[in-house]
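Scroll down for the structure; my scribbles are underneath it.
The values are calculated or read from the model by the stated rules, or taken from the named source; none is laboratory data. What you see is a predicted model; the values in this text were computed from it and never measured. Counting neighbours? That spans all protein chains shown, and the Cβs are built from the backbone with ideal geometry, glycine included.
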Amino acid sequence: MDREASSTATNKAYLVIELGHALVGPYAGAILSDLGARMIKVEPLQSDLMRLRGSANSIAYPFQMIHCGKYTTAIDIKDPQGSALVKKMTGEADIVVENFRPGVLKKYDLDGDSVLRRFPHIVYCSISGFGKTGPMAEEPGVDLVAQGQCGLMSVTGMPGEDPVKAGFPIADLGGGMWAVIGMLAALQRARATGKGTVIDVALTDSVLAWSVWEAADYQATGIVPGPLGSAHRLVAPYRAYECAGGHWINVAGLHTRWRELCLLLEAPNLLNDPRFASESARYDNRELLDATLAPRFLTRGREDWLGALRALGIPCGPINDLSQTMSDAQFIARDMWRTLEQDGTAFKVINTPVRDEGGGAPGPSWPAPALGTHTLDVLRSVGIGEERLHALLTEGIIGAPAGDE
């Protein structure tokens, strides 16, 4: 185990075994690691496929984003000897998280019911496309499919255009977040009662749970919601506006600042227009309202507008691309980009957005290690002797970097 990882391990509050791959399971693991868990990832001998994507300068950037601060083991769970090792590891854990299709890990006696029979204190979380119940339970599910089935793509994009998915993989990221919420709540209960549980999280459910305004609007009006571009479903003006120079800003003309916005835009006539007299009226007549507002935003540059709007307490912000986001002073001040180094190359990863003044959210601590870096140390910690480790390496049941063998 490397020195930085070893020194940090003593501060870890609880142990999590991650049987994750791709994004959603490892993302849940990354959140827990950033919040202080000791995270041990179990990878196949051929590695998580994410190690092979988006690589440059010897850095697998996608893998780094969701595996910093973790310990990594390489174990063939398809072999009975390998699955027996992971079973032994789970006995030391507080939480196990996985994102295989329902039924896959049952073949290796590593599903939730099997793990809890052996270790009743465990909090075991399964994340899958559709969950463990329902007619779609055994079907493969990914972020794109979840965004479509839950209705998100029907309300994303511009009216009259093809369906559009969210730019970020929101079903995977949301599924990971819901899993963490469930795991931490269950861990508190397990510590109080000594009884663990199996948590079942679906990508589709995770995004559906966020459809609060759309579900409310449909039930209130009977009209199926459609896409609104950048606009809000209940409030106007609340959208993106183009400024001089081709730059864009978001502006939320909330009711409490409606008068200030009208005067700033030199449109005092709107204040006495009955079509815009209330928040609901402005929403009902939002196309007419935007026909007046949009040309006015084209008269000044983005920074000029942002300064004027903020001076009046009107919520607003720039629409940044990723290069602008990485240099944005607000995110720098919030320490949202953390610089790590691997093989002499410095790179940025996203820090945890949780700020814990008590030090309980340390964020990414070290770069994602090479495949199998901690295999031998982890197995030694659960009582596997040197002769047995050598045999497992020779038989191709476990993997470790050259030189560790």
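The set of residues in segment 258-306 being farther than 21 Å from GLY317 by Cα, outside any helix (DSSP H, G or I) and not hydrophobic (A, V, I, L, M, F, W, C) consists of ASP273, SER278, ASN285. The single condition among (1) surrounded by fewer than 17 Cβ atoms within 10 Å (Cβ to Cβ); (2) assigned to a loop (DSSP other than H, G, I, E, B) that ALA236 does not meet is (1). Just one of (1) more than 24 Å from ARG233 (Cα to Cα); (2) under 17 Å from the mean Cα position of the chain (by Cα); (3) buried (at least 18 other Cβ atoms within 10 Å of the Cβ) fails for MET177. It is (3). For segment 152-190, the set of residues classified as in a loop (DSSP other than H, G, I, E, B) and hydrophobic (A, V, I, L, M, F, W, C) consists of MET158, VAL164, ALA166, PHE168, listed by residue number. If you go through segment 123-148 and pick out every residue that is more than 22 Å from GLU98 (Cβ to Cβ), more than 19 Å from the chain's Cα centre (by Cα) and surrounded by 14 or more Cβ atoms within 10 Å (Cβ to Cβ), you end up with 0.
If you go through segment 155-170 and keep only what is closer than 17 Å to VAL145 by Cβ and surrounded by 10 or more Cβ atoms within 10 Å (Cβ to Cβ), you end up with VAL155, THR156, PRO163, VAL164, LYS165, ALA166, PHE168, PRO169, ILE170. ALA192 meets all of the listed conditions (1) touching a strand residue (DSSP E or B) at 6+ places or on another chain (Cβ under 7 Å); (2) surrounded by fewer than 20 Cβ atoms within 10 Å (Cβ to Cβ) but one, namely (1). Which condition from (1) over 22 Å from LEU187 (Cβ atoms); (2) crowded, with 22+ Cβ neighbours inside 10 Å is the one that LEU45 breaks? Failing condition for LEU45: (2). Could you grab me the full set of residues in segment 198-231 that are without any contact (Cβ under 8 Å) to a residue 24 or more places away in the chain and within 23 Å of the chain's Cα centre (by Cα)? VAL212, TRP213, SER230, listed by residue number. Inspect segment 367-386 for any residue being within 22 Å of the chain's Cα centre (by Cα), surrounded by 11 or more Cβ atoms within 10 Å (Cβ to Cβ) and more than 30 Å from ILE77 (Cα to Cα) and give the result as yes or no. Looking for residues that are within 22 Å of the chain's Cα centre (by Cα), surrounded by 11 or more Cβ atoms within 10 Å (Cβ to Cβ) and more than 30 Å from ILE77 (Cα to Cα), one finds none in segment 367-386, hence no.
Conditions (1) surrounded by 14 or more Cβ atoms within 10 Å (Cβ to Cβ); (2) touching a Leu at 6+ places or on another chain (Cβ under 9 Å); (3) within 30 Å of ALA13 (Cβ to Cβ); (4) not charged (D, E, K, R), marked per residue:
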position	(1), (2), (3), (4)
SER280	no, yes, no, yes
LEU298	no, no, no, yes
GLU303	no, no, no, no
ASP321	no, no, no, no
THR352	yes, yes, yes, yes
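Contact map, segment 83-112: residues that are on the phi < 0 side of the Ramachandran plot and modelled with pLDDT under 95 paired with residues that are surrounded by fewer than 21 Cβ atoms within 10 Å (Cβ to Cβ) and not aromatic (Phe, Trp, Tyr), Cβ distance under 8 Å, separation 6+ or inter-chain. Pairs shown: ARG101/GLU138; ARG101/PRO140; PRO102/GLY131; PRO102/LYS132; PRO102/ALA137; PRO102/GLU138. Scoring GLY317 on the criteria (1) surrounded by 12 or more Cβ atoms within 10 Å (Cβ to Cβ); (2) more than 33 Å from the chain's Cα centre (by Cα); (3) small (Gly, Ala, Ser) leaves a single failure, condition (2).
There is at least one residue in segment 247-256 that is surrounded by 13 or more Cβ atoms within 10 Å (Cβ to Cβ), in contact (Cβ under 8 Å) with a residue 60 or more places away in the chain, outside any strand (DSSP E or B) and not aliphatic (A, V, I, L, M).
Can you confirm whether segment 259-273 contains a residue that is farther than 24 Å from TRP305 by Cα and surrounded by 13 or more Cβ atoms within 10 Å (Cβ to Cβ)? Yes, because at least one residue in segment 259-273 is farther than 24 Å from TRP305 by Cα and surrounded by 13 or more Cβ atoms within 10 Å (Cβ to Cβ). In segment 294-318, what residues are over 14 Å from ALA244 (Cα atoms) and touching a residue at least 40 places away in the same chain (Cβ under 8 Å)? Across segment 294-318, the qualifying residues are ALA308, LEU309, LEU312, GLY313, ILE314, PRO315, CYS316, GLY317.
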